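Working notes, structure below.
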Amino acid sequence: MKNRIGVYVCHCGSNISDYVDVEKVKEIAGKENDVILSKTTMFACSDSAQNEIVDDIKEQNLDGIVVASCSPKLHLNTFRNVAQRAGLNPYNYIQVNIREQCSWAHSDNKPGATEKAIKLVRAGIERAKHSQALTPISIPSKNAVLVVGAGIAGMRAAIELAEMGTEVFLIEREYFVGGRASQWNELFTTNETGREVVSRLYNKIIKTKNITLFTGADIDSKSGSVGDFDIKIKIKPRHVKSGCVLDLEKFKKAVDVCPVEFDDPFNFGLTKQKAIYKNYPSEFPEIPAIDFDRCNKCGECVKICPDIDLEQKEEILNINVGAVLLTTGASPYEPQKGEFGYKEIDNVITLQQLKRLIDLNEDELTYHGKKIKNIAYVYCVGSRQVDGENKYCSRYCCTSAIHTAIMVKEKYKGINNFHFTRGVRTYGKQEILYNKSSKQGDIFLQSFEDSPTEVYHEKGQTVVKIKDILTADKELEVNADLVVLVTGMVPRENNSINNILKVPIGRDKFYNEIHPKLRPVETVIDGVLIAGACQAPLNITESVKSALSAGAKVNSLISKGEIELEPTLAQIDKSSCNWCDKCTDVCPYNAIVKKEYDGKTIAVVNEANCKGCGICLPVCPSNSIQLIGYTDVEIESMIEALID
Amino acid sequence: MEKNKTAPKILVFSTEKISDPAIDLAGLLKKHYPSTVYTINVPCSSAIKSRWILHAFEKGFDGVFIAADGTDCSYSETCTERTGEVVQRTHDLMKEKGIDPAKLKMAAICSVCSEPFVKHMKNFVNALSN
């Protein structure tokens, strides 16, 4: 039993100490039996605090340490490494969560939070007293990854992983790769188009041996855990044979004869789409697809193109991977009906629609047959909402709006751009665009959130009005030919993936990383990582950085062929065990076997097979089984400390 | 402080990979629940021994809640069934000891089930208070 324990209570800046009286917790912990020292620390994870703990362990000859701070999901390994650096076995370190499960959960009740923190720390001390020195166990891991989403981030991560020697299964829910980027024309800062970037990545992917791409594919189910996930992939039929060499003339005829017509999602409803389609000629893969949910199965297209097969069936593919990387991206915010006149006033569109409109209008910018001269951009639609749920800034939209306004002015003559902002956030190099647009004569106006820009229709005119703080609160109006709502970013709808993988989602509805600075691409689900705009509003550059980071993290996790796991194993007391078969019966891993010992039959644990689930513990009638790290004495002493 | 003296004390057995992240997420989202709820985590909810639960009651906890893995368990497909058996056995032992079985509850809490967890805790505290 450990009897020289050190306790460290973290302020976490003020995340803990704003709600928990950390000095009181420290004082009471210091009076516990076998506690040699008790300290508070501003940031226990800081280098200086870590060095102090190392020095204390060495100087005070500590045989156990307790750090009361954040969730162990974040810093368990940090402090285990601290223990190891000081020569203490890492498993003699106990982390007590007084942030997520105390100060934050009870920020409405400071005395209650302090009382709870005291008890949690006491329980931690008890656990440390009974802790054992252990060595981690290793399990084999498959050096293969499933990347979900073949947008820019997913494709870039796939290439990076493949080049590092990891086998990559890349799946895309849509029939074509590229995600949102393929909808955008010229990009800042390189002036390449989104399609050019997508094309370059796709060409690299098809030439890379160890990437297998499936389009129209989604996760159907998942079993197993980190290092060894068994995943079923559901692949929708394309209804065009895979060996089909695209004959453009035939394809055009097939499109012409298709009687089904609906708003084109690629062009945000500005044009119509047929059931057989490609969004643009050079789209990848080059084979067209049929939207079977909308297709009326008339068979007219089959008469023209024999490669069309309306009888194709859905396929299920089984893959085994060590990790999953989610790069499912984001969507533009869809304004509510009536929000700044959207879908009520005819000439109110979104920024994304304007981008497509520029692509579709060659010499003259027109909308619904009317030539456009004055464009009013209304910023922060669906972002920084005062009343709505989206409190966050979508970050990319100021730059995107200004960039688009510059493109409009460069492409068409006689355009006047009016920007109705809540403050322009063209951070970093993007400020260049802001300067350029100002110099070219764009007008920037600004209001506070308490007096938002108004859009209304009056006397045949669409009017945009602002109380402009840049001109001493003057009410200014613009008669706009086109009102462009600069909409923010929201995560894509991923209900089925979310139900299967259970990756935590934050208040902003994007996937939640373990820590935004320290573990920015990992989730609390071991072996499931995130990158790109599924995690937060990011522009393409930032998405690619995040994808490369996640790629490196995935590779370092699974490429060694084995993963270190907790040494949590079942142990059977030979003296009290009288073979009854109950533990063998419930063990999912065949980890318990019969053995003759000292004249009787007993159960023994095959440590190579034991996964440390503990399912055998409660079925033992003689209570002969203990789980390392969760022994009766540890659990029961913690219970006593919590109630004391 | 006053409300903590009277509020029922609940011991939650959470699981490291599944339900504990949900309880963390509740804190992260500042979803409040009574501060007399204490958590001990284990690898899998099917590993919880009846004696631990009975020990909690003997020492003074008013309620025990098993935040079970449910069908998300990465260890075993039988987790739900086995955890159910733990609850059933413990309910029988509680009856023998004259403890109301309603003081032991179980629900599957997935890794993103912060809202259901908070709701369970509030309902359980209310039920125990009455």
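The values are calculated or read from the model by the stated rules, or taken from the named source; none is laboratory data. Computed from a prediction, not measured in an experiment: that's the story for all the values here. Positions of Cβ are backbone-derived with ideal geometry, glycine not excepted, and every protein chain shown enters the neighbour counts. The area values use the complete protein model at the heavy-atom level, side chains included, leaving out ligands, DNA and RNA. Shrake-Rupley method; radii C 1.70, N 1.55, O 1.52, S 1.80 Å.
Tabulated data
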{"quantity": "Leading residue by the ranking (farthest from residue B:83 (Cα to Cα)) among those in the range A:633-644 that are more than 7 Å from chain B (Cβ to nearest Cβ) and open to solvent by less than 20 Å² (accessible area, probe 1.4 Å)", "calculated": "A:641"}
{"quantity": "3 or more residues surrounded by fewer than 18 Cβ atoms within 10 Å (Cβ to Cβ), of a type in the set (A, V, I, L, M) and more than 28 Å from the chain's Cα centre (by Cα): qualifying strands (runs of 3 or more DSSP E) within the range A:290-361", "calculated": "none"}
{"quantity": "Boolean, residue A:222 is at pLDDT below 95 and open to solvent by 50 Å² or more (accessible area, probe 1.4 Å)", "calculated": "yes"}
{"quantity": "Residue check for residue A:350: in contact (Cβ under 8 Å) with a residue 12 or more places away in the chain and out of contact with any His (no Cβ under 9 Å at 6 or more places or on another chain)", "calculated": "yes"}
{"quantity": "Residue satisfying all of: in the range B:21-50; under 12 Å from the mean Cα position of the chain (by Cα), of a type outside the set (A, V, I, L, M, F, W, C) and within 8 Å of another protein chain (Cβ to nearest Cβ); most open to solvent (accessible area, probe 1.4 Å) among these", "calculated": "B:39"}
{"quantity": "Hey, residue A:341 on the phi > 0 side of the Ramachandran plot and in contact with a helix residue (DSSP H, G or I) (Cβ under 7 Å, 6 or more places away or on another chain) or not", "calculated": "no"}
{"quantity": "Pairs where the first residue, in the range A:595-612, is closer than 19 Å to residue B:43 by Cβ and the second is part of a loop (DSSP other than H, G, I, E, B) and of a type outside the set (A, V, I, L, M, F, W, C), C-beta under 7 Å, 6+ apart", "calculated": "A:609/A:589; A:609/A:590; A:610/A:589; A:611/A:589; A:611/B:75; A:612/A:566; A:612/A:568; A:612/B:43"}
{"quantity": "Counted residues, the range A:449-488 - those being part of a strand (DSSP E or B) and open to solvent by 70 Å² or more (accessible area, probe 1.4 Å)", "calculated": "9"}
{"quantity": "Qualifying residue in the range A:209-220 (condition: of a type in the set (Ser, Thr, Tyr), closer than 30 Å to residue B:72 by Cα and within 14 Å of chain B (Cβ to nearest Cβ))", "calculated": "no"}
{"quantity": "Every residue from the range A:77-108 that is within 14 Å of chain B (Cβ to nearest Cβ), in contact with a Phe, Trp or Tyr (Cβ under 8 Å, 6 or more places away or on another chain) and open to solvent by 10 Å² or more (accessible area, probe 1.4 Å)", "calculated": "A:95, A:104, A:107"}
{"quantity": "Top-ranked residue of the range B:51-87 - restricted to ones that are open to solvent by less than 20 Å² (accessible area, probe 1.4 Å) and in contact with a Pro (Cβ under 8 Å, 6 or more places away or on another chain), ranked as farthest from the other protein chains (Cβ to nearest Cβ)", "calculated": "B:63"}
{"quantity": "Residue ranges of helices (runs of 4 or more DSSP H) in the range B:1-96 with at least 2 members closer than 19 Å to residue A:504 by Cα", "calculated": "B:19-28"}
{"quantity": "Condition check for residue A:155: within 19 Å of residue A:527 (Cβ to Cβ), more than 14 Å from chain B (Cβ to nearest Cβ) and at pLDDT 95 or above", "calculated": "no"}
{"quantity": "Boolean, residue A:188 is part of a loop (DSSP other than H, G, I, E, B), out of contact with any strand residue (DSSP E or B) (no Cβ under 8 Å at 6 or more places or on another chain) and under 27 Å from residue A:489 (Cα atoms)", "calculated": "yes"}
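Listed here are the residues, each with its yes/no results for (1) outside the structural domain of residue A:201 (by TED's automatic domain parsing); (2) touching a Cys at 6+ places or on another chain (Cβ under 7 Å); (3) surrounded by 14 or more Cβ atoms within 10 Å (Cβ to Cβ).
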residue: A:547; (1), (2), (3): no, no, yes
residue: A:553; (1), (2), (3): no, no, yes
residue: A:574; (1), (2), (3): yes, no, yes
residue: A:577; (1), (2), (3): yes, no, yes
residue: A:601; (1), (2), (3): yes, no, no
